[in-house]
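The values are calculated or read from the model by the stated rules, or taken from the named source; none is laboratory data. Computed from a predicted model, the values in this text were never measured in an experiment. Methodologically, a virtual Cβ is constructed for each residue, glycine included, from the backbone with ideal geometry; neighbour enumeration extends over all protein chains shown. Please note that ligands, DNA and RNA were not included when accessible areas were found on the heavy atoms of the full protein model with its side chains. Shrake-Rupley method; radii C 1.70, N 1.55, O 1.52, S 1.80 Å.
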Amino acid sequence: FSYTSPCNGQRNMAWVTAFERCPLPQLFEMHREAIHMLRQELGDAFEDASLLRYVLSYENHPDQALQAARKALQWRQDHQDLVEAAKQRKPPPGLTMQELCCLQTLLLTSFHGATNFGDPLLIIRVGLSNQTAVLDMMGEEKVELWVNYLNECSFQYCEAATRKMSYFVKHIGLQDLSGMGMMPDRRFFRILGRVSKTNEWLRPQLLGRVVIFNAPSWVGLAFRLASNFLSQKTLSKVWIHRQRPSGTMCPYGQQLIRPESLPSILGGLCTCDGQGCVGGRPNTCWEKPTPEDIPSSLTELLAIRRLPRCEDLVPPAAPPLPSPQPVTTLPVR
């Protein structure tokens, strides 16, 4: 089982940059042979756009691409209830209402609209999240199930949005480290590491970029620790924002995200009517939540309340290609 990948440099990629994306028809044409070879082995289990994810992620390694696709197919058969919950945006199986209340309160994580290209934005107030408390109360397995569920919600949206927009729509993570006094719980690094490695074979081409805001001076040490757990593909997509948000967006961000789609804590305009953009906690609140803050009942899944919907997307005539502006981010080294 083998195929020859076309040698077109960066034009062979789903994204050249976040602003320049190769149209799906062009990618289908460039990788026609590879997609056909996978189709022969896998039958009709995947659409062409899904097979293309494996071709791009395992370029020049067709056997690995086939193995990963088969592994993903089996996983989705074994976890149909979780996949269906993500598709319908219902609570994930395996977590009680009280556990969901705990996760929503102590891990400040919420999808919050999309970029100008339709990419879902996942905002995490890392510095105010109480990872240690939630892990002590629930353990790694339950927290990992929650993180996996959020990734599956994003993947289901990105799969559908990619087909509709005719270019790859990817997950964008924006993480605010304001208020972080020490490095996150090592157990949480382990969870993120396992999920990042799972995403490589289960959700290839999902992650577009992770941008870190308000990083403390020791963030380099934290990422050296994280490198022991996270996949190298994930680490290569993590960038640290140079400037602290000061009420205005940088030129890079202005091209990628509308100000009204970005929380005020990251330089945007949104406060979600004063209710808070992330986890229902006001943007002006800088106190870390505690177990005493956990409500007794769940009214809605705040984490996915503002995950965009495909029906709201309007396909462009071609992927938009704005003129590049100075980038105010640095890759993690």
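Taken over segment 297-318, the criterion of being within 19 Å of Ile172 (Cα to Cα) and at pLDDT 90 or above is satisfied by Leu302, Ala303, Ile304, Arg305, Arg306, Leu307, Pro308, Arg309. For segment 166-183, check the following and say yes or no: at least one residue is in contact with a Ser or Thr (Cβ under 8 Å, 6 or more places away or on another chain), part of a helix (DSSP H, G or I) and open to solvent by 10 Å² or more (accessible area, probe 1.4 Å). Scanning segment 166-183 turns up no residue that is in contact with a Ser or Thr (Cβ under 8 Å, 6 or more places away or on another chain), part of a helix (DSSP H, G or I) and open to solvent by 10 Å² or more (accessible area, probe 1.4 Å). Counting only residues that are modelled with pLDDT under 90, of a type in the set (Gly, Ala, Ser) and farther than 12 Å from Asn130 by Cα, segment 172-207 holds 1 of them. Checked against the criteria, Arg258 counts as modelled with pLDDT of 80 or more, farther than 27 Å from Arg194 by Cβ, open to solvent by 40 Å² or more (accessible area, probe 1.4 Å) and of a type in the set (Lys, Arg).
Scanning segment 99-145 for residues that are among the charged types (D, E, K, R), under 15 Å from the mean Cα position of the chain (by Cα) and over 19 Å from Gln156 (Cα atoms) returns a single hit, Arg125.
If you go through segment 130-143 one residue at a time, do you hit one that is in contact with a helix residue (DSSP H, G or I) (Cβ under 7 Å, 6 or more places away or on another chain), more than 15 Å from Pro308 (Cα to Cα) and buried (at least 22 other Cβ atoms within 10 Å of the Cβ)? Yes, there is a match, as at least one residue in segment 130-143 is in contact with a helix residue (DSSP H, G or I) (Cβ under 7 Å, 6 or more places away or on another chain), more than 15 Å from Pro308 (Cα to Cα) and buried (at least 22 other Cβ atoms within 10 Å of the Cβ). For segment 154-162, the count of residues that are in a loop (DSSP other than H, G, I, E, B) and either within 13 Å of the chain's Cα centre (by Cα) or not charged (D, E, K, R) (or both) is zero. Specify the residue that is most open to solvent (accessible area, probe 1.4 Å); the eligible residues are those in segment 81-104 that are polar (S, T, N, Q) and closer than 15 Å to Leu150 by Cα. Taking the candidates together, the pick is Gln88. Of Glu287, Glu300, all but one fail to be open to solvent by 70 Å² or more (accessible area, probe 1.4 Å), assigned to a loop (DSSP other than H, G, I, E, B) and under 24 Å from Glu152 (Cβ atoms); the exception is Glu300. With respect to the conditions (1) open to solvent by 10 Å² or more (accessible area, probe 1.4 Å); (2) in a loop (DSSP other than H, G, I, E, B); (3) aromatic (Phe, Trp, Tyr), Trp75 lacks only one, and its number is (2).
If I ask for residues that are among the charged types (D, E, K, R) and surrounded by 22 or more Cβ atoms within 10 Å (Cβ to Cβ), which ones from segment 50-64 would you list?
Result: Arg53, single match.
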